[in-house]
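Read-outs: derived from the displayed coordinates by stated rules, not from any lab. All of these numbers come straight from a predicted model, not from anything done at the bench. As a convention, Cβ positions derive from the backbone with ideal geometry for all residues, glycine included, and neighbour counts pool all protein chains shown.
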Amino acid sequence: MKITPLKPLPFFAIGVLLSALKVGLDFGLAALFEQEWSLLFYVNPPRSPLFSPGDETFDLNYYLSLFALAVPFFVVGVWLTAKRLQDAGAPKWLLVLFFVPFANLLFFVTATILPSRPAIRSEEGGPYRTHAPLFDESSHKMFIAVLMSACAGTVLTLGLMALSVGVLGEYGTGLFMGVPTIATFATTLIFFRLIGSRRPHATALSLATAMTSLGLSMGIMILFAIEGLICLLMAMPLALIAGVAGWAIALAITKTTETLHRELVSPALIVPAVMLLEAISPMPTQTHMVETEVVVDAEPSAVWNHVVAFPELPPIEHWLFRVGVAAPVGAVIEGEGVGAIRRCQFTTGEFVEPIEVWDPPRELGFGVLDMPDTMHELSPWDIRPRHLDGYFKTTRGQFLLERIEASDGAVQTRLRGRTYYELEMAPVRYWGVFADAIIHQIHLRVLTHVKTVSEDGAYDSLP
């Protein structure tokens with residue numbers, strides 16, 4: 001089917017109208033099926049019901065209704081975007097960005113402000129008019145262009161981070177995906193404005209400059225005690241993916257037309273808008289569960305005592321705990337039965353855990369009244385970043401003991417440890433990978449210790 005071009009104004013008007021219609025219909029479906037709904041589902045699709053069919057609140061009819069509603073909007077959106085790209089003379093591969101969270105918002109705005117192809121031809125009908133590069137081709141000027149562009153992106157990154165974390169107290173999609181995307185977008189546009197896009201190796205240099213901007217930002221955060229190395233390393237993969245998306249959009253725009261520069265400042269407003277939306281209307285909090293299992297060569301009654309309270313754990317060896325992540329070191333209990341207080345000591349402090357389920361030797365369940373910091377950040381300075389203030393919260397824990405028999409008839413215990421937690425950082429699916437891995441290692445350290453002391457028979461009763 002032939003695709004006819006679509007001018008900027010109709011594209012914008014139709015896009016806004018269809019978006020508003022889609023939001024309204026989604027809201028109506030959520031109300032009809034009594035499901036949670038948030039505008040942030042469109043910024044962070046993995047959290048939306050359409051991409052989370054396995055959640056506890058899963059309703060097949062609701063999911064199928066969402067899917068049936070999304071398909072026509074999806075098809076029409078791709079079709080309209082292809083028409084707009086053809087009108088602007090932009091590369092067709094940019095359609096890939098239609099499917100990239102957050103980058104698609106930047107893509108929509110830039111696709112809207114790109115002029116139509118005939119409108120940007122010279123009067124002679126020749127190639128597109130371009131601005132003359134501000135710098136010549138000398139290596140000295142090239143270095144200055146790289147430095148100026150990277151510093152501009154760094155300033156933008158730090159300013160938006162200050163808004164998100166310092167002012168709004170948000171560690172959300174706007175910060176972890178929006179900021180790298182818009183920073184590399186701006187860095188790349190500035191770089192090409194300074195040296196032009198037709199210089200030898202300009203594309204490779206622009207990518208290197210964009211990544212340098214992200215690297216400078218992270219270095220300044222460490223140098224000036226804004227953030228620690230552990231969190232920055234965990235955020236780096238997400239920042240690189242978002243950063244490449246921002247660079248790709250700016251590169252495609254520059255290859256299409258170099259006559260725009262002031263107009264392209266407007267996409268930067270997307271990021272603070274998303275940050276404000278996350279602060280005003282946060283997404284519903286989800287509870288996550290991590291379970292780890294070991295098999296103990298002992299009776300459940302013998303294992304129970306060491307689950308309730310256990311002696312000091314052996315020295316820390318796993319690299320994860322050696323770099324600063326909180327590690328369990330021991331546990332004691334005050335009292336017995338429901339209402340007793342279990343205190344689990346970590347390297348960063350103490351969990352205070354009121355007993356809620358006491359069913360020896362089958363189940364021990366407890367809530368969490370207080371918890372220590374999740375880590376000591378790696379930094380030249382003694383810092384405590386804001387993300388340690390409740391953005392990860394353990395809500396309860398559980399030990400399950402099951403009597404089983406080995407193939408030789410010996411009695412064993414299947415011991416399972418569960419931790420339930422909430423995460424106030426987005427994208428939740430991304431940060432949940434790290435949280436699950438860390439909790440699993442904590443479980444293994446405790447359960448392996450319980451297994452060892454139970455099998456050794458060194459302790460027979462509660463301390």
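Protection proxy ranking of 202-210, 167-175, by the mean of other Cβ atoms within 10 Å over each peptide's residues and highest first, is 167-175, 202-210. For the range 402-440, GluC sites (Glu not before Pro) meeting the loop criterion (DSSP other than H, G, I, E, B) and having at most 16 other Cβ atoms within 10 Å: none. The distance linking the range 77-98 with the range 375-417 is 48 Å (Cα centroid to Cα centroid, whole angstrom). When only Cα pairs below 8 angstrom with a gap of at least 6 residues are kept, the chain shows a relative contact order of 15 percent. Can you give me the Cα centroid spacing of the range 294-357 and the range 195-238 in angstrom? Centre-to-centre distance over Cα atoms comes out at 41 Å. Helix 139-161 and the longest principal axis of the C-alpha atoms of the chain enclose an angle of approximately 50°. Relative to the longest principal axis of the Cα atoms of the chain, helix 229-256 runs at roughly 20 degrees. Checking (1) 23.1; (2) 26.7; (3) 25.5 against Kirkwood radius over Cα pairs in Å calculated from these atoms, the matching label is (3).
Could you line up Cys151, Cys344 from fewest to most neighbouring Cβ atoms inside 10 Å?
Cys151, Cys344
Cα-based count: Lys pairs in the chain below 21 Å, eight or more positions apart or different chains? The number of close lysine pairs in the chain is 9.
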